[in-house]
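For reference, the structure discussed in these notes is given below.
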Amino acid sequence: MSDSPPLPKPSAGSANHRSILVALLVLFTPTSTTAQDWFVRVTDPVGLTFLHQDGRTGEKHYVETAASGVAWIDFDQDDDLDLYLVNGSPAPGIELTPTPRNALFENRGGKFVDVASPLGVDDAAFGMGVCAGDANGDGWIDLFVTNYGPDRLYLNQGGRSFLEVAGPAGVAGSGWSSSCAFGDLDGDGDHDLYVTRYVDFDYADPAPCGDPSAKTRYYCRPENFDGVPDALYLNQGNGTFIEAGKERGVSTAATERGFGVSLVDFDLDGDLDIYAANDGSQNRLYENDGSARFEDVGLWSGAGLSALGVPEAGMGIAVGDLNGDLLPDLVVTHFSMETNTLYTNLGDLQFEDVTETSGLGPPSLEYVGWGVELFDFDNDGDLDLAVANGHMQEGIEQLEPRLKYPQPNQLFENLGAGRFVEVSPQAGAAWQTHAVSRGLAVGDWNNDGRLDVVISNTNDRVDLLENRIETKNHWLGLSLVGPAENRLALGAVVTLQNGTSKQTRGVRSGGSFQSQSDLRVHFGLGQSQESVRVDITWPNGRRQSSPRLAIDRYHTLRYDDLATTKDRAPTKPSDR
């Protein structure tokens with residue numbers, strides 16, 4: 001228990017180590033701008049009435065600091081994105097009217113309608129995160145929702161309703177779960193599940209922190225609580241899962257305070273590895289032997305600590321090829337005075353912290369980063385970066401005047417080869433608003449080929465930022481339908497060659513912070529107007545090539561013959 005007001009969380013002496021290397025930042029050329037905002041907040045016009053609430057009372061219960069997530073999913077398979085939003089819950093003894101509940105907004109021709117209650121997914125627990133998968137192999141997107149308290153597994157009943165089965169399936173868990181991700185970890189074709197679990201918090205024993213003499217309370221630091229081991233659930237193929245984390249190599253140390261997770265084949269050996277971000281201790285990179293037996297190679301790989309060899313406050317995770325070498329790189333968000341970190345993949349499970357020379361360091365120094373995604377917002381052919389920010393310490397301004405509780409979110413443009421410049425000012429007023437943001441997910445909600453961003457805000461409305469950037473660049477979108485046992489194609493990797501350059505994208509569950517982005521893959525093509533082919537490595541290892549595909553539209557590619565069974569022209573840009 002702390003007996004004095006908490007200062008901004010240190011990073012073992014690294015508070016200023018990134019800023020002193022500002023002079024080493026690469027020079028960049030100014031980015032092009034247009035007269036109109038690149039992104040416009042359209043929350044109200046499209047009918048997103050959702051309000052996040054955590055029912056805080058002033059007692060500074062630690063569980064209030066880290067919620068909640070968002071998910072883009074096409075739950076009804078009508079070729080547009082619906083939106084699932086996770087809500088909080090009041091502390092025991094407190095009532096809110098109406099009761100905070102999770103929401104599922106169905107996309108109906110450009111307007112969103114909340115159908116969570118009739119479809120059975122309007123949970124009223126203290127929600128944390130959400131991820132998408134296919135737990136029973138029927139080809140319909142299921143939802144796993146992490147909570148403080150028992151988690152929920154919602155099986156999709158053909159787009160008409162959902163059935164909650166976490167208890168019978170063996171994945172309900174207990175305590176404080178955070179992020180989650182589905183993927184075939186043991187090579188049997190069905191979707192296994194990894195759930196990060198945070199700290200051992202109890203309302204009945206909240207470990208209050210603050211200054212008793214001044215009658216002030218503050219949110220505790222994570223070190224005031226023991227960590228909780230993550231959960232690895234292996235799908236048995238009969239509707240049930242077995243938790244096998246400890247026996248399969250997942251760490252059980254009391255310092256494991258898990259937040260973000262991503263399942264990615266980092267070494268390109270044909271199986272999914274696990275990267276888990278921990279708050280205040282080393283991050284874990286679990287190398288998969290192909291049968292879901294794991295070895296933590298985080299320290300050896302260089303992706304477990306900062307460049308100075310110290311642990312940081314790992315929050316969210318984004319994965320993508322940032323420098324064009326077709327290897328998956330890592331971005332991890334952190335607490336203020338630590339900066340966010342970019343680990344470039346050198347191959348053979350070796351990573352290098354290149355934050356300083358990437359341009360991502362100093363701009364993130366005073367922010368607390370949570371949700372994070374890599375996406376090509378301007379369709380120029382490389383991956384840009386969005387970060388959701390917001391301090392966890394309400395009233396931090398009174399302790400550190402330069403830090404703020406509500407903070408602006410950030411957008412970074414990739415100038416090539418993984419060199420970034422912040423373009424939030426050019427991106428529009430939507431990126432200047434100060435909020436206490438947490439979850440972030442990316443998806444093309446209106447199918448116009450420009451990727452949009454949804455961000456959750458603590459005790460506030462959600463932000464839907466519609467991408468309206470005007471360029472002459474082209475794009476390609478793909479929906480993959482995998483083999484019978486994995487129709488969502490989780491773990492598939494798509495490679496596209498456009499002229500002399502190649503790009504790669506993956507189909508992934510989870511990621512960011514407690515959130516789920518669109519399962520479709522999206523490529524920006526720059527100003528090339530030629531049709532393209534793609535090569536797909538399916539989760540079972542089979543490789544196939546597509547026929548030539550028309551650009552500026554979405555295609556559906558199927559495992560068996562790769563015939564383009566759907567070929568949708570884009571909708572017109574929104575005139576809202």
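The values are calculated or read from the model by the stated rules, or taken from the named source; none is laboratory data. This structure is a prediction, so every number in the text was calculated from the model and none was measured. Using ideal geometry, Cβ is built from the backbone for each residue, glycine included, and neighbour counts are taken over all protein chains shown. Remember, those area values only see protein heavy atoms, side chains included, never the ligands or the DNA or RNA. Shrake-Rupley method; radii C 1.70, N 1.55, O 1.52, S 1.80 Å.
Run through segment 477-534 and list the trypsin sites (Lys or Arg not before Pro) located in a DSSP loop whose Cβ has at most 14 other Cβ atoms within 10 Å.
Those that pass, being in a loop and sparsely packed, are ARG533.
Using a Förster distance of 56 Å, how high is the FRET efficiency between ASP211 and ASP552, based on the Cβ-Cβ distance and rounded to 0.05?
Calculated transfer efficiency: 0.40.
Give LYS60/LYS404; LYS111/LYS472; LYS60/LYS246 a once-over and call out the pairs whose C-alpha atoms are over 23 Å from each other.
The pairs that break the limit, which is 23 Å between Cα atoms, are LYS111/LYS472; LYS60/LYS246.
Suppose a student asked you for the relative contact order of the chain, using Cα pairs under 8 Å spaced at least 6 residues apart; what percent would you report?
16 percent
What shape does segment 278-395 take by its C-alpha gyration tensor, where a ≥ b ≥ c are the square roots of the eigenvalues and a/c under 1.5 counts as rounded, a/b above b/c as prolate, and the rest as oblate?
Note, shape of segment 278-395 comes out oblate.
Counting other Cβ atoms within 10 Å, keep those with at most 15, restrict to DSSP loop, and tell me which trypsin sites (Lys or Arg not before Pro) in segment 99-206 are left.
Listed in order of number, the matching sites are ARG160.
Which value, in Å³ per residue, describes the convex hull spanned by the Cα atoms of the chain?
Spread over its residues, the Cα hull of the chain gives 136 Å³ apiece.
Work out, step by step, the length gained on full extension between ARG543 and ARG461: first 0.36 nm times the residue separation, then minus their alpha carbon distance; give nm to one decimal.
25.2 nm
Per residue, how much accessible area does segment 232-285 have with a 1.4 Å probe, in Å²?
Result: 32 Å² of accessible area for each residue.
Classify segment 265-342 as rounded, prolate or oblate, taking a ≥ b ≥ c as the square roots of the eigenvalues of its Cα gyration tensor: rounded when a/c is under 1.5, otherwise prolate if a/b is larger than b/c and oblate if not.
Oblate, since a/c reaches 1.5 and b/c is not below a/b.
Which length gain, in nm to one decimal place, applies between LEU163 and VAL310 when the Cα-Cα distance is subtracted from 0.36 nm times their residue separation?
Full extension from LEU163 to VAL310 adds 48.5 nm.
What nm distance separates the two modelled labels at THR357 and SER531, each placed 7 Å from Cα along Cα→Cβ?
Taking the simple label geometry, THR357 and SER531 are separated by 4.2 nm.
Roughly what would the spin-label model give for LEU346 and ASP79, points 7 Å off Cα along C-beta, in nm?
With each label placed 7 Å out from Cα toward Cβ, I get 4.7 nm.
Provide the gained length on full extension for the span LEU326 to ASP122, in nm with one decimal, where the gain is 0.36 nm per separating residue minus the Cα-Cα distance.
Separation in residues times 0.36 nm, less the Cα-Cα distance, equals 69.4 nm.
Can you tell me the relative contact order of segment 110-208? Whole percent, Cα pairs under 8 Å, sequence separation 6 or more.
With pairs under 8 Å counted, the relative contact order is 23 percent.
Indicate the gyration tensor shape class of segment 83-150 (rounded, prolate or oblate), computed on the Cα atoms with a ≥ b ≥ c the square roots of the eigenvalues: a/c under 1.5 is rounded; otherwise a/b larger than b/c is prolate and the rest oblate.
Oblate, since a/c reaches 1.5 and b/c is not below a/b.
For segment 468-517, what relative contact order do you get, as a whole percent, if you take Cα pairs closer than 8 Å and at least 6 residues apart?
The value is 21 percent.
Of the accessible area of segment 184-251, with the probe set at 1.4 angstrom, what percent is carbon plus sulfur?
Carbon and sulfur atoms account for 45 percent of the accessible area of segment 184-251.
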